[in-house]
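Encoded as structure tokens, the structure appears first; notes follow it.
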Amino acid sequence: MLVILAVVGGISSASIAIFVCTFAFRCRGRRANKKNSNSKEKRLESQPILSDGSSQSTELENEPNKGNVSPCSSCRKVSTFYSPCECDMISAQNVDAKPCQVQFSLYYNFHDSRLFINIMCVLNVPLRWYGKHPPTQVRFQLLPDDSNIYRTEIKSNTGEPIFNETFEFIGYSENELMELTLRLGLYAFDKFSRGKIIGYTDVRFNLEKFHPSEPTIIWRNLLPKSQTRGRSLSFTRGEIHISLRYEANRQRLNVIVLKATNLMKTSKFINTAPYVCVMLNANGAMLETRQTKKTRGINAVWNQGFLFDVDGETIDEYSITIKVMNHDLLTTDEVIGELTLGPQCDGSGKEHWDEAMAKRYTRREVAMTHILL
């Protein structure tokens, strides 16, 4: 009799212990879910222009695939009506479609030291995967100050939104103005997200001309988000220092690849092994290719020069393309960034070429820093 009572008592105490442990485990799981949801909301609220979207994609990858929905072949993200994949949006566009462009104006009052930025309009907003134009908004920053983000109003149901909003900044001297970089980002909104970036562009003020009496109107193509790889607010792919010299008497170009700084990391686990390809082009055809040695790190130093023989009579038809590559032992080498120097280019590429051509008879080298695109 005593043995039976002892067995019954042991079973009852064990069942009670199991019940208490199960209840405590469920309560702990609910608290963890609440903490995770709160942390997700905080990260979304503080997300800047071109913030890293890798955390969002990894979280969605871990979710179970409900129904007969296959993940995206490129980013492995499950696309649904409430959370469409950005690759679906890009693949749904026509390959021959016009690039998305933004129009804005810059005006600097030299007397009062005031800067005026007017966001005018955007053209060729890409369609979303469901076939309609999303509500759009323009955000911008004045780098290197990445703490403040300025926003326009949200425009809906149009592929050519007109904003026409002016922002005024006080206290920038002329020297400080030349050190600023304007970063513009176009965002798409819907009911289920806080905004996804469509594209962006960088404008360095030291490369623009400010008229004292009228604003400077600028058109820029927006670089797609798929090419940014979730970069931060610093310069997108890094900077490269190039020296260029044209010897008119000997009819040859001398290109010296000096160094690169803050290069984009193509992998989180493997160290970057960059090298530079220098290509000579004429009338859109590549004539010759040279390559530097491979080095390691995101701040690489080469100090390596290359000589190209050219025709002095048709020197305006030439251009130089510089690509920074990352060496990979397992897969094909990936492009970190590139730029083009030539008379038909825009921005710093044309400025560097024109300055070297102006010193063709002095045999002096012209060094300049370029932002990789």
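The values are calculated or read from the model by the stated rules, or taken from the named source; none is laboratory data. Since this is a predicted model, take the numbers as computed values, not measurements. FYI the Cβ positions are ideal-geometry reconstructions off the backbone, even for glycines, and counts take in every protein chain you see. What goes into the accessible areas is simple: the full protein's heavy atoms, side chains included, and nothing from ligands, DNA or RNA. Shrake-Rupley method; radii C 1.70, N 1.55, O 1.52, S 1.80 Å.
Annotations
- Checking every residue in the range 170-193 against the condition of being loosely packed, with under 15 Cβ neighbours inside 10 Å and of a type in the set (Val, Ile, Thr) gives at least one match.
- Single unsatisfied condition, residue 337 versus (1) of a type in the set (Gly, Ala, Ser); (2) in contact (Cβ under 8 Å) with a residue 12 or more places away in the chain; (3) loosely packed, with under 13 Cβ neighbours inside 10 Å: (3)
- Number of the condition not met by residue 104 [criteria: (1) at pLDDT 90 or above; (2) at positive phi]: (2)
- Looking only at the range 349-362, residues that are without any contact (Cβ under 8 Å) to a residue 60 or more places away in the chain, under 18 Å from residue 250 (Cβ atoms) and either among the aliphatic types (A, V, I, L, M) or assigned to a helix (DSSP H, G or I) (or both) come to 1 in all.
- Flag if residue 365 is open to solvent by 80 Å² or more (accessible area, probe 1.4 Å) and touching a residue at least 60 places away in the same chain (Cβ under 8 Å): yes
- Of the strands (runs of 3 or more DSSP E) entirely within the range 112-228, those holding at least 2 residues that are at pLDDT below 85 and basic (Lys, Arg) occupy 193-204.
- Among the residues of the range 305-319, those that are outside any strand (DSSP E or B) and among the charged types (D, E, K, R) comprise 311, 313, 316, 317.
- Residue in the range 201-216 that is exposed (fewer than 14 other Cβ atoms within 10 Å of the Cβ), of a type in the set (Ser, Thr, Tyr) and in contact with a Phe, Trp or Tyr (Cβ under 8 Å, 6 or more places away or on another chain) present: yes
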